[in-house]
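In what follows, a single structure is set out as structure tokens and then discussed.
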Amino acid sequence: MSTSADQTPATTDLVTVTIDGIETHVEQGTLIIRAAEQIGIEIPRFCDHPLLKPAGACRQCLVDVASPGPDGNLRAFPKPQASCTMPVTEGMVVNTQNTSEEAERAQKGVMELLLINHPLDCPVCDKGGECPLQNQAMSHGRGESRFVDVKRVFEKPLALSSEILLDRERCILCQRCTRFSQEIAGDAFIDLQNRGAMQQIGTFNEDVLGFDGYGPVGAAAEDETGNAFSSYYSGNTIQICPVGALTSASYRFRSRPFDLVSSPGISEHDSSGSAIRTDHRRGKILRRLADNDPVVNEEWVTDKDRFAFAWQNLADRITQPLVRKDGELVEASWPEALAAAAAGLTAAIGKTGTPADKKAKGVGVLPGGRVTLEDAYAYAKFARLVLDTNDVDARTRWSSDEEQAFLGASVAGTGLGVTFAELEKAPTVLLVGFEPEDEGGVVFLRLKKSAGRQKVFTVASHLSRGPEKLGATLLPAVPGHEASVVASLKGAKAAYKDLRAPGSIIVVGERAAASPGTLTAVEALAKRAKARVAWIPRRAGERGAVEAGALPGLLPGGRDAAVTAARNAVAKAWGASSLPNTKGRDADAIIAAASAKALDALVIGGVDDSDLTEDLLKAITNAKFTVSLEVRRTAVADAADVVLPVAPPSEKSGTFVNWEGRLRAFGTAIHTDAMSDHRVLDLLARQLGTDLGTATVDAINAELASLGAAATSHRPKAPAEPTPAAPKKSGGTDGELVLATWHQLVDEGALQDGEPYLAGTGRMAVARVSPATAEALGLHGVITVTAKRRGAIDVPVAVTEGMVDNVVWLPTKSPGSWVAQQLGVQPGDTVVVKGAAS
Amino acid sequence: MTYDESTAKQLSKDAAEIIGRYPVRRSALLPLLHLVQSVDGYVSPDGVQFCADQLELSSAEVSAVATFYTQYKRRPNGEYQVGVCTNTLCAVMGGDEIWRQLSERVGAGHDETTPDGKISLERIECNAACDYAPVMMINWEFFDNMTPETALQLVDDILAGKDLVPTRGADRVVSFKETSRVLAGFEDGRADEGVSAGAPSLAGIETAKQQGWKGQDK
Amino acid sequence: MTDLTPVLSATWGLDRSWNFDTYAAHGGYEAATKALTMDKADIIQAVKDSGLRGRGGAGFPTGMKWGFLPEPDGGPRYLVVNADESEPGACKDVPTMMASPHTVIEGMIITAFAIGCDHAFIYVRGEVVHVYRRLMKAVAEARDNGWLGKDIKGTGFNLEITVHAGAGAYICGEETALLDSLEGRRGQPRLKPPFPAVAGLYARPTVVNNVESIASVPPIIAKGVDWFASMGTEKSKGMGFFSLSGHVKRPGQYEAPLGITARELIEMAGGMREGHELKFWTPGGSSTPIFTDEHLDTPLDYESVGAAGSMLGTRSLQIFDETTCVVRAVERWTHFYKHESCGKCTPCREGTYWLELIMRRLEAGQGTMADIQQLLDTCDSIAGRAFCALGDAATAPIISSVEYFREEYVRHVTEGGCPFDRAAAALFDYDSAPEEAHA
């Protein structure tokens, strides 16, 4: 025996450990259970999860361990050790159930105890067939139970929220769900309740816990209105539950795992490009799960990613083209519909050679922000090549020329920029017009991982729940005046000093476009502080649209449509003599022009009119001709002249470019006849006499690759918008307040239609004002918010500490508060707020 | 929240004092729950919310703690919390029989309260007075060397509105709510009442004295 | 015959023994006065040299525990006194705090000074309100007399003491569960490492000591290491409380050198009650395997009791005579462990649940021979598998009682009921009730 005590290990951080007789070298601090995995030895476990802190609660992973003592001789631990909590040490010898009778006996004992109170309802349990407990009981358990007494009984299921259901009898109290909720999501809305054998997972539910109360308080914690809400990430608890204790209302009793076909995919719900798995049976999606992608979403998705898929197959799904005949939309064949669409567009373009052409006013294209890179490219190319216009804009939201310049100069064609990992590691993060939870989804989870180690500042009207959980510091800003706050960050300001730490990141959201000068100020700040900028838009298609050139002033790869050389380069690649050189209209201008009959026709992709402050339906009515490429019979489709059905995400392949600039390609999960937008546009172009070359994803990607990114000289100049003066303190005369607004993650967005259980977990609409503003205007109870253009919103007021004065915040599209449609205003606009008449 | 203004004000004042005793706010949760019991006579849903608000916790996190500890009651407690130790030693020495007779007399079982709100009965675990077995605790004051007769007499005294005098404790048993306030860390000026020690606590020094042992001090 | 050595209990019989003045008049705070002039390292060394071992049950050397604290880094360091005395049979800390709370306060002042702590806590179980009153008052008196607060006795040393009441949970006697509880959480044991010395209260270096351990510090400082080490055995030094309860004539607290025997102690307690003889006893509370009359001469020190198959624990001798049904006794302890299991880990949570069902069945005469084996098998699935020592503790009375009294278990099965008359075991006369009112 050599004495290893004086043999200092080499400078490497690796330690040598022997598991089941196999010697391996692993990084210092590796847990035994992980070290075993690395060499293919699986130790049974329930509470262990690689992304959660070790708990050592279930005791299933007990193994025999010996390690060298001070004299160098191996010393066995007197009892089996939990391999999920013990890090390996140099020279350690581990014997698992494979090589140690003691370890096997210990594991069998724990398994027997886990099962004594576990119901024998596997045949009806959602988890049956994919259940770690079932699998391990079958492979390692006793054939017959020795437990002859009555099992513990609980009422079930217990609704923790409208979506998450708990079966306490099946629960083995591994606490993965509560640990996830606390450690990962920061939403401690469930916790262990009671003690010992009666311990259970739960909310503070008076009935369940036997509190003498005043009646049931509902299933979950409450928001300001007294309505129950849940974590945006609660569905992850179902996925990591190692038994069938947590199930979702939407999937419960719907299927057996072994009947399902699983297809990998990318979520269409936000710009993160989270990896998902779509489980379907006979062409029908039954559930979606998070896929494991360590560089993007790790093993988590938002509840929207997970549960909001019903919209793709609701009763209003369009499967046949529609053509308006005698004022009515009727089903038509593809050739008939394409011919009708081509005819209408031809007239609007003015290429028929008839006298009417001279009066033709052209076509505007609105692809919407949810299309794939390939779809966006097809729209962009279709507009320039077929419709001879730059009137194309995927930004059917608040936008600006400043933003377009910023995107062209700093985002498009820049490839992989700031990454999730860099965001996690950044010493300081400044959020500008960006809500990490509501608008970022899993972006929040990455920031949460660093909570406590990372300094977070947010330029916003108030500290919302997300930044509050991050321990962020509010840099209060009146909406529309974020630029002056950003511009003020210099010299001795704490946020500026922290931002100068190398690796710091400024995150700017799509709402910055609604605040003049903000993006310019952000770029200047980044330069000053040597920080990097990440633009994180909300919708999945936004970054792809920028890359593809589906903006009026941008051609693919960040080329400036106003620069001749850039135009020519693209024209050459497209086999065209030239591209249109007129300045394109942005989305708002396109709609305004159509409304004013300054445009003859519209081609509209997935755009929901209720998301727009401009009246899109009026524009369609006033335009001579509208082609709608839609999945569902939306108001836009209903108003169009020709409706061409397109495939929802699960029925097509393509690429979302996430906010990092990472290409997130996905294949077709369910094969149907439905075609993606790019294919339909290819057919339409063909009908119009042009070979668009966008029939397949491969063809488009080849073309995009050959185009590449623009040279700096071909790009737009960085924006140079002046910073507006800081707002004067107004007294909020006559109830006039500045509007702050953003979308809550779970709201009434069209892609969440048809999923009532998810909707039930959404936060209710409230209007937020500062205590001083509430006092000055006498606001309490339900208040009314009106705007000059139209409408009124009645919601309860929530007085919010620390909020900037003379501002009212409303959720953009939550129940009872559809800001764009009901008020026709955007953040920074003035609204009038009145207390309800009593 | 249904606390009236003056109650809410006093609660907030007391809570601030409790929180001030600790370097980290959350440490105040156990005393705050005792405080809630001193006002409501149990951990009321309002009390749970009050603690959650004070400490910036979710109500689930508060009930997680409130339901872990046996001294926190979920239903309005009796004015007198009457506990009989039925852990092994007391049970064998007669605790089981005391419990049986007491439960029969009071007409309540474990963790039950009489309809008049006077008495809550509880079988308690070892209360660190085994040398005084069988032991009862009334509002967490010691009643040593009990018999069924002395136990039933206590119930009679409660029902007759008489003061109860613990064997080792204050001069009289204060109410459950008042006791809870002490446990929240608010002194009630009764520390100097009662004895230093009962006979069993002094058994060793008496023996040493009788034997003339001076221990290692000789 | 070993002499009793009343040290901590010496003043308990005095009038108003809990008062500062009484305590000070009998040598109180002399040790603290001396300690504040000493080098901190010398205090720690003295406690190490004294051989004092933790009096809360585990017997870990107290001085060594202090020595595990990392070098000061400018951040807070905490002292937490474990006054959550709840082990069935243990009843020494409560009378200590009731009769002489200043012993604990003085010990805390010395310890806090030695380890560089300026905020110390006493975590006292919530079910002893008068003890809590006395502790709060003692803290106030100590402050009034300049022993707490800022710049104590002009030394520049600052100390605050917070007395914290628990709320009913045996598991909080486990030091990491106690820390979680003190942090306002469910009292569930923490993963170790890190040990409290490195990351304890609020994740800062923390010493957790039992009441009696802390109370033993002033006499060690005042009377010296040699004085303390002259008592006891080679590895179990000093004096300690031996708490006798049950079927002896004079149950109570007997402060004696470690190594005294149960035979000596029972004799001092006047012997077994008249006309009865010893059947079984616990050397250190219900968590320690039971002993019988064959262990009467086992020296009650850590090593000897361990060698005899049990543990010294809290030196809580619960003594039962021949009228006691061992199955009934163990059934009740089993119920206790099930009731107090925190629920964190599978073996303890589910195992104690199962054990209680089997024990109840057996005691009621409805068990089978297979149940006896199942008891042992289930114990085997708990002992050494649970997260903390509570699981092991739950199996101790079962395994030891089956070892010594298997035939009694068998009789419950074969006779279809408990062969004992409960009234015979009680300390008062009553007619045996026809059925057990076990709610």
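Observations on the structure shown:
- Only a single criterion out of (1) over 17 Å from the mean Cα position of the chain (by Cα); (2) part of a strand (DSSP E or B) is not satisfied by C:Ile221, namely (2).
- Among the residues of the range C:415-424, none qualifies, meaning not one is within 14 Å of chain A (Cβ to nearest Cβ), part of a helix (DSSP H, G or I) and either without any contact (Cβ under 8 Å) to a residue 60 or more places away in the chain or farther than 30 Å from C:Arg273 by Cβ (or both).
- Boolean, B:Asp157 is surrounded by fewer than 23 Cβ atoms within 10 Å (Cβ to Cβ), of a type in the set (Asp, Glu) and within 19 Å of B:Pro200 (Cβ to Cβ): no
- Every test in (1) more than 9 Å from chain C (Cβ to nearest Cβ); (2) in contact (Cβ under 8 Å) with a residue 40 or more places away in the chain is passed by A:Gln175 save one, and that test is (1).
- Restricting attention to the range C:372-389 and to residues that are more than 17 Å from A:Leu62 (Cβ to Cβ) and touching a residue at least 24 places away in the same chain (Cβ under 8 Å), the residue that is surrounded by the most Cβ atoms within 10 Å (Cβ to Cβ) turns out to be C:Leu375.
- Scanning the range B:1-34 for residues that are within 17 Å of B:Glu61 (Cβ to Cβ) and either surrounded by fewer than 22 Cβ atoms within 10 Å (Cβ to Cβ) or touching a residue at least 12 places away in the same chain (Cβ under 8 Å) (or both) turns up B:Ala15, B:Ile19, B:Tyr22, B:Val24, B:Arg25, B:Arg26, B:Ala28, B:Leu29, B:Leu30, B:Pro31, B:Leu32, B:Leu33.
- Matching entry among C:Ala269, C:Ala262, C:Ala256 (being of a type in the set (Gly, Ala, Ser), more than 25 Å from B:Thr86 (Cβ to Cβ), in contact (Cβ under 8 Å) with a residue 24 or more places away in the chain and at the interface with chain B (Cβ under 9 Å from one of its Cβ atoms)): C:Ala256
- Matching residues in the range C:162-208 - criterion: being assigned to a helix (DSSP H, G or I), more than 13 Å from chain B (Cβ to nearest Cβ), touching a strand residue (DSSP E or B) at 6+ places or on another chain (Cβ under 6 Å) and within 21 Å of C:Ser287 (Cα to Cα): C:Glu175
- Among the numbered conditions (1) of a type in the set (Asp, Glu); (2) surrounded by 20 or more Cβ atoms within 10 Å (Cβ to Cβ); (3) modelled with pLDDT under 95, the only one that A:Glu775 does not meet is (2).
- Close pairs (6 angstrom Cβ cut-off, 6 or more residues apart or separate chains): more than 9 Å from chain B (Cβ to nearest Cβ) in the range C:126-142, of a type in the set (Asp, Glu) and surrounded by 24 or more Cβ atoms within 10 Å (Cβ to Cβ) anywhere: none
- Any hit, the range A:292-313, residues being in a loop (DSSP other than H, G, I, E, B), under 30 Å from A:Leu338 (Cβ atoms) and out of contact with any strand residue (DSSP E or B) (no Cβ under 8 Å at 6 or more places or on another chain): no
- Summed over the range B:169-179, the residues that are more than 9 Å from every other protein chain (Cβ to nearest Cβ) and either under 16 Å from C:Arg125 (Cα atoms) or in a helix (DSSP H, G or I) (or both) give a count of 3.
- Sole residue being of a type in the set (S, T, N, Q) and within 20 Å of C:Thr62 (Cβ to Cβ), chosen from C:Thr261, C:Thr233: C:Thr233
- Of the candidates A:Arg528, A:Arg532, the single residue that is surrounded by fewer than 22 Cβ atoms within 10 Å (Cβ to Cβ), outside the structural domain of A:Leu579 (by TED's automatic domain parsing), of a type in the set (Lys, Arg) and in contact (Cβ under 8 Å) with a residue 60 or more places away in the chain is A:Arg532.
- Considering each residue of the range B:116-130 in turn, at least one proves to be closer than 26 Å to C:Pro88 by Cβ, buried (at least 18 other Cβ atoms within 10 Å of the Cβ) and more than 16 Å from the chain's Cα centre (by Cα).
- Filter result (part of a loop (DSSP other than H, G, I, E, B) and either modelled with pLDDT under 95 or under 22 Å from C:Leu148 (Cβ atoms) (or both)) within the range C:40-55: none
- Flag for C:Trp281 being within 30 Å of C:Met1 (Cα to Cα), among the hydrophobic types (A, V, I, L, M, F, W, C), surrounded by 22 or more Cβ atoms within 10 Å (Cβ to Cβ) and away from chain A (no Cβ under 14 Å): yes
Rundown of residues vs (1) at positive phi; (2) within 9 Å of the chain's Cα centre (by Cα); (3) at pLDDT 95 or above; (4) more than 13 Å from every other protein chain (Cβ to nearest Cβ), yes/no style:
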| site | (1), (2), (3), (4) |
| --- | --- |
| C:Gly57 | yes, yes, no, yes |
| C:Leu69 | no, no, yes, yes |
| C:Arg77 | no, no, yes, no |
| C:Asp84 | no, yes, yes, no |
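- On inspection, A:Glu331 fails the criterion of being surrounded by 19 or more Cβ atoms within 10 Å (Cβ to Cβ) and among the acidic types (Asp, Glu).
- In the range A:192-217, the residues that are part of a helix (DSSP H, G or I), more than 7 Å from every other protein chain (Cβ to nearest Cβ) and either modelled with pLDDT under 85 or under 37 Å from the mean Cα position of the chain (by Cα) (or both): A:Asp207, A:Val208
- Any chance A:Arg152 is surrounded by fewer than 24 Cβ atoms within 10 Å (Cβ to Cβ), assigned to a helix (DSSP H, G or I), within 14 Å of chain C (Cβ to nearest Cβ) and not small (Gly, Ala, Ser): no
- Scanning the range B:12-69 for residues that are more than 21 Å from the chain's Cα centre (by Cα) and of a type in the set (Phe, Trp, Tyr) turns up B:Tyr22, B:Phe50.
- Filtered by the rule that a residue be on the phi < 0 side of the Ramachandran plot, outside any helix (DSSP H, G or I) and small (Gly, Ala, Ser), the range C:24-39 gives a lone residue, C:Gly28.
- Only one of the listed residues (B:Val195, B:Val182) is within 7 Å of chain C (Cβ to nearest Cβ), surrounded by 15 or more Cβ atoms within 10 Å (Cβ to Cβ) and not hydroxyl-bearing (Ser, Thr, Tyr). That residue is B:Val182.
- Flag not set for B:Gly107, criterion: out of contact with any helix residue (DSSP H, G or I) (no Cβ under 6 Å at 6 or more places or on another chain), small (Gly, Ala, Ser) and crowded, with 24+ Cβ neighbours inside 10 Å.
- Residue within the range C:41-50 that is closer than 30 Å to C:Glu267 by Cβ, surrounded by 17 or more Cβ atoms within 10 Å (Cβ to Cβ) and among the small types (Gly, Ala, Ser) present: yes
- Residues of the range A:744-764 include none that is crowded, with 20+ Cβ neighbours inside 10 Å and in a strand (DSSP E or B).
The values are calculated or read from the model by the stated rules, or taken from the named source; none is laboratory data. Remember, predicted model here, so these are calculated numbers, not experimental data. With ideal geometry, Cβ positions are generated from the backbone for all residues, glycine too; neighbour counts draw on all protein chains shown.
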